[in-house]
Amino acid sequence: MQKQYKNNFGLVKVLAAFLVFAGHMYVLIGDTVIPSEIIFQEIHWFGVITLFVISGYLIAKSWERDRNYINFIIKRVFRIIPGLFVYCLIAACIVGPMATNLSLREYFSDSLFYGYFRNVICYAVYALPGVFVSNPYPWAVNGALWTLPVEFMMYLFVPIICEAGKLIKGKFIVAIAGIVCISSIVWQLCFSETRIVFYSMEIGTVLSIVPFYLLGVMISQLKINEKYYNLTTSVILIICSALRIHSIAIKNILSFLIIPYTIFSMVYGAAICGLYLYK
């Protein structure tokens, strides 16, 4: 007998990954017009947001199952680093030599080749010597690597936030998520032209994506009953979001409200309606 799942996390993550792939195709070929938006977000950015919301939710759940900080971090390291190391070997030692416009001797002696392996410690490096330099978006061997330092940073902070919420009375995670969401809006309104980089992370980009991660954590910690997620309601909200809104603040506020609800309606609301994945 086939096993029936009680949620659609797997399906939603696959769909999000497809949106990231589809949207980035337009970016990498130099097309400035992305085909469509979902809830005020370009399709590839919506895919990234979806993955971050789900990651925040699942990581918080993982912490609840084992609240030993050292064990938690070790598990996260072994989940990311081995696969990342294999990726770097394939990209730098197989794909790079095939795609570079340099000789193999020049390629393997270039500092960019060795520097690419900093990705293994979640320091995002995108360029390999002589690879994709004539593309419309040059030097980008794997632009998605920027998410890794952000993701690992959240691994470090989520347990602290969750435990602080248990020690401090009130909805601490709600306050933290709210503060970060407001900070994100303020940065976009006042400092959008400012570029500050820390450990390969651009602060503006971090502030645009971390709120969604924390909203996933918040939903996990508040233990919202799955019955409150409804596909029909989320579809109505998505249709309403198609209205032309020019205010950055309003767009962000609506995104913070609608996107997580829509994602978890797909995860749980669809399952409640009987739309399960089967294995």
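The values are calculated or read from the model by the stated rules, or taken from the named source; none is laboratory data. Computed from a predicted structure; not experimentally measured. Here Cβ is always computed from backbone atoms with ideal geometry, including for glycine, and neighbour counts include all displayed protein chains. Side chains included, ligands, DNA and RNA excluded: accessible areas come from the protein's heavy atoms. Shrake-Rupley method; radii C 1.70, N 1.55, O 1.52, S 1.80 Å.
Odds and ends about this structure:
- At the listed q of 0.10, 0.16, 0.18, 0.19 Å⁻¹, the Debye profile of the range 186-266, built from one uniform point per Cα, gives log10 I(q)/I(0) equal to -0.32, -0.75, -0.88, -0.94.
- Centroid-to-centroid, using Cα positions, the range 55-114 and the range 121-171 are 11 Å apart.
- Counting only Cα atoms, the range 5-80 measures 47, 28, 20 Å along its principal axes, largest extent leading.
- Asn68-Met25 pseudo-label distance in nm [points 7 Å out on the Cα-to-Cβ vector]: 4.6
- Over every Cα atom in the range 50-196, the radius of gyration and the widest Cα-Cα span, Dmax, amount to 19.5, 63 Å.
- Computed extension length for Phe85-Thr232: 48.6 nm, one decimal, from 0.36 nm per residue of separation with the Cα-Cα distance subtracted.
- Convex hull of the range 54-132 built on C-alpha atoms - directionally averaged projected area, nm²: 6.2
- Accessible surface of His24 - all protein chains present, 1.4 Å probe, nearest 10 Å²: 60
- Accessible area expressed per residue, the chain, with surrounding protein chains retained (probe 1.4 Å, Å²): 56
- For the range 212-252, the convex hull spanned by the alpha carbon atoms encloses 84 Å³ per residue.
- In order along the range 209-218, phi translates into HN-Hα couplings of 10, 4, x, 5, 4, 5, 5, x, 4, 4 Hz, rounded to whole numbers, per the Karplus curve 6.51 cos²θ - 1.76 cosθ + 1.60 with θ = phi - 60° and x for Gly and Pro.
- Label point distance in nm, Leu222-Ile250, each placed 7 Å from Cα along Cα→Cβ: 2.3
- Rg [Å, one decimal], Dmax [Å, integer] - the range 139-202, C-alpha atoms: 15.1, 49
- Using heavy atoms of the protein chains and a probe of 1.4 Å, the accessible area assigned to Met153 is about 50 Å².
- Contour minus Cα-Cα distance for Leu58 and Gln188 (0.36 nm per residue): 44.0 nm
- Relative contact order (percent, whole number), the chain, Cα cutoff 8 Å, 6+ residue spacing: 29
- Accessible area of Phe18 in the full protein assembly, 1.4 Å probe (Å², nearest 10): 120
- The chain: mean projected area of Cα convex hull, nm²: 17.4
- Element breakdown for the chain at a 1.4 angstrom probe: carbon and sulfur atoms account for 67% of the accessible area.
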